[in-house]
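The values are calculated or read from the model by the stated rules, or taken from the named source; none is laboratory data. For clarity, every value in this text was computed on a predicted model and none was experimentally measured. Heads up, the Cβs are rebuilt from the backbone with ideal geometry, glycines too, and the neighbour counts pull from every protein chain shown.
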Amino acid sequence: MSGSIFASPNVSQILNTIYRVGGEAGTILIIKNYTGDVFHFHLAAEKARAMYGLKVEIIIVGDDVSVGRRKSGKVGRRGLAGTVLLHKILGAMSKVPGVSFDTLVEMGRLVASGLVTVGASLGRVHIPGRAISDENTPVKLNQVDLGMGIHNESGSRILSPPPELTSLVDMMLDQLLSMDDPDRSFVNMHDAEEVVLLVNNLGGLSILELGGITRLVSIALGKSDVPICPEGYGLTIPAESRNVKLSRVLSGTFMSSLDGPGFSITLLNATGEMVEYIDAPAKAVGWPLGPCSSWREKSSRTIHVVNGTGKDDRLAQGGIQREQHPIP
Amino acid sequence: MSSILSHDIILKLTTATVDLPEFRSRATRACELLIAAEPRITRADTIVGDGDCGITLARGANAVMSLLTSTELSPDAASTLLRISAVIEDSMDGTSGALYSIFFNALTSALRSLPSTSQIIDSSTWGLVASEALAKLQLATTARQGDRTLMDALEPFISSFARGDGAQTAFTRAKSGVDATKGMQAAFGRAVYVEEKAWQVVPDPGAEGVVCILEGLVGKS
């Protein structure tokens, strides 16, 4: 459910949703770490328990790495686009026959603990209905906000003059991956069974731009089979990769901030089971319809296509080849 | 479709029982003390916060007082606490409104889980349910004793009371907790934004409010 623009829904809205939509086994509230949301959702959960005796658990996501431990203090880190992976994994897992409420909660907490995200943006957003002013002009030409959130607060670091995309991505990956930074180093991706990358459009990027960013991030992380366009469209290809073996790459508008002219990078230290739940088909608006497994490392599996339509032979072993059968 | 959220709905809960006249008199005393302390709490909050703490607490206390004088209260513990929770939520706002609402709703759900009995709830059971409610509140906030918030009064009281120290000793602990906030560094709330020297002058206003309530509930030694 949603509140007003950039505000938490109120307790009545949340309680109404728990009461009307919540399943018999119980309700898991997946929320992002913002003081208003944390209070309102906890209050609604307590009311659901007190008034109706319902089972309600809360999972709080704080995946932002841009504001380090020292500065975020007891308030903790913000919740960003990594939350979408938690929604997807628990959504798919809840369909598994016989899975218990407590197992879902446990899985949710495990996913939350393996998420890191950082955002960047060329400027703030325009709130519909408000007059355009210098303050909310979507794109500023002389700066980039690093550590951008999703509620139109300015970035935790303003980079001016704006760096080139390749070095911006480099700074972002440093914040996500570095295990030497005592103020960060939240999740170690190098010991992960599987790593999932999610590149999220904050709302204002074109599909072409997001595709270019996704490609650059994938290469910088260590994905070797991303096609490299020789002209590079003006982008410098990162000289060295960080040797993070990506199991899945997701790219799209998963958690937007209205027309925010920016993107965020999320990494999940995942298990094979989590990846299966990410692969499971879903019809939610905004989730890519095609299986993200098409981004897998090159498979050794090959496909025969007989007469251009031969369904039975498609999964047969062998090299990818199209057998030529002249049409009579 | 009618809203489920109307506070007019009477829930037929059967849980444990409170001695209603006794409960009324203690709770009323707590509200009176809170209202009387409003100017002092307001003054303190003007120094370290935004000055609304006393007024918010007094508004809640007045609303609870009028509930206590109504004939709607039943001796059923969870039903009564649920009504009080609803009144608190409607009358108080801001962070303290949220914290009080979460705590009283959590107290209600802890009471709901008690077996149904006509026996009056004893102090060890109150200690148990209060500890459960405190644990729930601590899920909603990372504020703990030592952060210059109302937790500096609430935590020492509940942990001492649940240990079986008795109400008077527990109340003394809460009072020392509040005194200790004088000079304490703030980690939450508006107090974080004011000049540090203001922290030396007054104790935390939110914690002072809790002590007023506890003083009324505990009664005369």
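Residues in segment B:75-129 that are β-branched (Val, Ile, Thr), in contact (Cβ under 8 Å) with a residue 40 or more places away in the chain and farther than 19 Å from B:Gly209 by Cα: B:Thr80, B:Thr117, B:Ile120, B:Ile121, B:Thr125. Under the condition of being β-branched (Val, Ile, Thr) and either within 14 Å of another protein chain (Cβ to nearest Cβ) or crowded, with 17+ Cβ neighbours inside 10 Å (or both), the residues counted in segment B:51-64 number 2.
The selection criterion, being buried (at least 17 other Cβ atoms within 10 Å of the Cβ), under 30 Å from A:Ser167 (Cβ atoms) and in contact (Cβ under 8 Å) with a residue 40 or more places away in the chain, does not hold for A:Val111.
If the requirement is being crowded, with 19+ Cβ neighbours inside 10 Å and closer than 16 Å to A:Thr27 by Cβ, which of these qualifies: A:Leu104, A:Leu85?
A:Leu104
State whether the residues of segment A:157-165 include one that is without any contact (Cβ under 8 Å) to a residue 40 or more places away in the chain, more than 24 Å from A:Ser113 (Cβ to Cβ) and β-branched (Val, Ile, Thr). Taking every residue of segment A:157-165 in turn, at least one turns out to be without any contact (Cβ under 8 Å) to a residue 40 or more places away in the chain, more than 24 Å from A:Ser113 (Cβ to Cβ) and β-branched (Val, Ile, Thr). Could we say that A:Gly129 is within 22 Å of the chain's Cα centre (by Cα), small (Gly, Ala, Ser) and either away from chain B (no Cβ under 12 Å) or within 22 Å of A:Gly262 (Cβ to Cβ) (or both) here? Criteria not met by A:Gly129. Looking across segment A:1-36 at every residue that is within 15 Å of A:Val61 (Cα to Cα) and touching a residue at least 40 places away in the same chain (Cβ under 8 Å), the one that is surrounded by the most Cβ atoms within 10 Å (Cβ to Cβ) is identified as A:Lys32. Scanning segment A:1-48 for residues that are facing chain B (nearest Cβ under 10 Å), closer than 25 Å to A:Gly73 by Cα and of a type in the set (A, V, I, L, M, F, W, C) turns up A:Val38, A:Phe39, A:Phe41, A:Leu43.
The rows are residues; the columns are (1) buried (at least 18 other Cβ atoms within 10 Å of the Cβ); (2) away from chain A (no Cβ under 14 Å).
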{"site": "B:Asn105", "(1), (2)": "yes, no"}
{"site": "B:Ser113", "(1), (2)": "no, no"}
{"site": "B:Leu134", "(1), (2)": "yes, no"}
{"site": "B:Leu137", "(1), (2)": "yes, no"}
{"site": "B:Arg144", "(1), (2)": "no, no"}
{"site": "B:Leu154", "(1), (2)": "yes, yes"}
{"site": "B:Ser159", "(1), (2)": "no, yes"}
{"site": "B:Ala174", "(1), (2)": "yes, yes"}
{"site": "B:Lys197", "(1), (2)": "no, yes"}
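If only residues of segment B:176-195 that are within 14 Å of chain A (Cβ to nearest Cβ) and modelled with pLDDT under 80 are counted, the one that is nearest to B:Ser159 (Cα to Cα) is B:Gly189. Assessment of segment B:85-95 against the conditions (more than 19 Å from B:Asp52 (Cβ to Cβ) and either in a loop (DSSP other than H, G, I, E, B) or within 8 Å of another protein chain (Cβ to nearest Cβ) (or both)) yields at least one matching residue.
Residues in segment B:65-84 that are surrounded by fewer than 18 Cβ atoms within 10 Å (Cβ to Cβ) and within 11 Å of chain A (Cβ to nearest Cβ): none. From the list A:Ala50, A:Ala45, the one residue that fits, being crowded, with 23+ Cβ neighbours inside 10 Å, within 22 Å of A:Ser4 (Cβ to Cβ) and either in contact (Cβ under 8 Å) with a residue 40 or more places away in the chain or of a type outside the set (Lys, Arg) (or both), is A:Ala45. When A:Leu168 is tested against (1) closer than 17 Å to A:Asn200 by Cα; (2) over 22 Å from the mean Cα position of the chain (by Cα), only condition (2) is not met.
The set of residues from segment B:168-189 being under 20 Å from the mean Cα position of the chain (by Cα) and farther than 27 Å from B:Gly127 by Cβ comprises just one member, B:Gly189.
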